[in-house]
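The values are calculated or read from the model by the stated rules, or taken from the named source; none is laboratory data. This one's a predicted model, so the numbers in the text were calculated from it and none came from an experiment. Here Cβ is always computed from backbone atoms with ideal geometry, including for glycine, and neighbour counts include all displayed protein chains. With ligands, DNA and RNA removed, areas are computed over all heavy atoms of the protein, side chains included. Shrake-Rupley method; radii C 1.70, N 1.55, O 1.52, S 1.80 Å.
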Amino acid sequence: MPVRFLKNASELADVSWESPLPVAVTNAKPVPADTLLIATTNLFPTGERDLLGSTGAPELPTLDACGQYRKLIWFYFREGAADTTYTILARVTDHNGAPLGAGWLTIASGTLPGGANSWNRLEIPDTGDAYYDQYRILVNRTGGSGYYLISKIVGVR
Amino acid sequence: MSAERITRREMLKRLVIAPVGAAVLTTLEVREASAAALQRYYAPYFVAVLWEGRTRCDSLWRSLKGDVVAILPTVQGATPYDRLYWTGYALGNAPVNVDMRVLARAVDHNGVPLGSGWREIGQATIQTPPMRWFRVEIPEGHWDEYRLEVRSATPRLVYSRLIGSQGYWRE
C-alpha cells in the first residue's frame with residue numbers, strides 16, 4: 001500500500017524520492033570546520049606576497065567572509081627550507097562587506113617554521129579567538145632558493 | 001509518483017479507513033539537506049568513533065589497521081575533529097611495552113595530500129602492567145588524515161578505539 005501525505009494543503013501525494021515526506025530534523029549539527037583555501041604560492045620571486053600571489057596595493061584579502069570562524073588552522077607543506085617570514089593581517093567589515101577602516105590589524109608575524117619537504121601547522125590566532133571578517137596572509141622569502149608553498153586553511157567554528 | 005486533488009473531508013475519510021502503520025513509517029525516505037540551517041546552536045560535545053578494532057603488534061611499525069604501507073592513512077576525513085583520543089587494552093601476561101607514533105597530513109579538494117610524507121605529531125611508549133587500559137590524547141586537530149602506528153618487541157594483541165572530538169569551542 002503506498003504511503004500518502006497531504007502536500008500543498010489540498011494535494012494527496014505518494015511518498016517517493018521526488019516527493020519526500022516533510023520532516024523536521026531535530027538532532028542535526030552544523031559542520032564544525034570548513035576548508036577555506038587551498039593554494040600553491042610561488043616563492044621563487046622574493047618580496048612580500050599573499051598566499052594567492054597578490055602583491056602591493058590594493059591589499060586584497062586572502063580570505064573573506066570568515067566572521068563565523070573562531071580559529072583558522074593553516075596547514076602547509078613547504079618544498080624548500082629558505083628563510084621565509086609570514087604576516088597575518090585581519091580586519092572587520094560592515095554589512096555591505098566594506099572594511100570599517102583603512103589598513104589592517106597585524107595579528108601574527110614571524111619566521112615560517114619548517115624545513116624542506118616538511119608539514120606544518122599554525123593556528124590563527126595563536127591564542128584566543130578570531131572572528132575577523134577578512135584576513136590577508138603574507139609570506140616573503142628573504143633568502144635561499146625559491147620554492148613552492150602549498151597551503152590549506154580550515155576555518156573552525 | 002502520482003497525485004490527485006481531494007477535499008479535506010475525503011482525506012480524513014481515507015486516513016480513518018487506511019491508517020499508516022508504524023512499520024511502514026520506518027522506511028520512509030527523508031531528506032536532510034537543510035538540516036544544518038534548522039539548528040543554529042552547537043551540541044555541547046560531540047564525539048565520533050573513527051576506528052575500532054584489533055591490532056597485532058610486532059617489531060614493525062604498523063598502522064592500527066595492520067598494514068606497514070607508510071602512505072596509507074589509518075583514518076580519513078578527520079577535518080572536523082579538534083582532538084583525537086586513542087583508548088585501548090593490551091592482551092598478554094607480560095608487561096606492556098608498546099611504541100606508538102602519530103602522523104598527520106592535509107589533503108586538497110580531490111583528497112590528494114598537499115605534499116609527500118607525514119607530519120609526526122608525536123611519539124611515545126606505552127608502558128603498563130599486563131592487562132591494563134591505556135589512553136592517549138592527540139591534541140593537534142583538524143588534520144585531514146592520521147596514521148597511528150604501533151610496534152612492540154614482544155608480539156602482542158591490542159584492542160583499541162580511536163575517537164574524534166569536536167569540543168573546540170569549549171576551551
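Each listed q (0.10 Å⁻¹) maps to a log10 I(q)/I(0) for chain A, found by the Debye formula over equal Cα scatterers with no solvent: -0.49.
Take each residue in B:160-166, count the other chain C-beta atoms within 10 Å of its C-beta, and the mean is 1.
Each peptide in B:112-118, B:86-92 receives the mean, over its residues, of other Cβ atoms within 10 Å, and ordering these scores from highest gives B:86-92, B:112-118. For the chain pair B and A, the interface hides roughly 4300 square angstrom of accessible area in total, found with a 1.4 Å probe. Based on the alpha-carbon gyration tensor of segment B:76-117 and its eigenvalue square roots a ≥ b ≥ c, which shape applies: rounded if a/c is under 1.5, prolate if not and a/b is larger than b/c, or oblate? In terms of gyration-tensor shape, prolate.
Considering all different alpha carbon pairs of segment A:26-86, the Kirkwood hydrodynamic radius works out to 14.4 Å.
Quick one: which of A:112-118, A:70-76, B:96-102, A:92-98 comes out on top by average Cβ neighbours within 10 Å, and what's the full order, highest first?
On the way: A:112-118: 14.6, A:70-76: 22.7, B:96-102: 19.7, A:92-98: 9.4.
Ranking, from highest mean packing down: A:70-76, B:96-102, A:112-118, A:92-98.
Taking every Cα-Cα distance in segment A:68-154 and sorting them into 10 Å bins from zero, the calculated P(r) comes out as 16, 45, 28, 10, 1 percent. Once all protein chains are placed together, A:Ile153 keeps about 0 Å² accessible to a 1.4 angstrom probe.
Taken residue by residue and averaged, Cβ atoms of other chains lying within 10 Å of the Cβ of B:73-86 number 2.
Note on B:106-117: average number of Cβ atoms from other chains within 10 Å of each residue's Cβ is 5.
What the phi angles of segment A:41-49 give under the Karplus curve with 6.51, -1.76 and 1.60, with θ = phi - 60°, is a coupling list of 9, 7, 10, 6, x, 8, x, 6, 8 Hz, glycine and proline written as x. Structural descriptor for segment A:29-156: relative contact order 48 percent, calculated from alpha carbon pairs under 8 angstrom and at least 6 residues apart. With all protein chains in place and a 1.4 Å probe, the accessible surface of segment A:29-156 carries 49 percent carbon and sulfur. Accessible area per residue for segment A:29-156 is 42 Å², calculated with a 1.4 Å probe on protein heavy atoms, without ligands, DNA or RNA.
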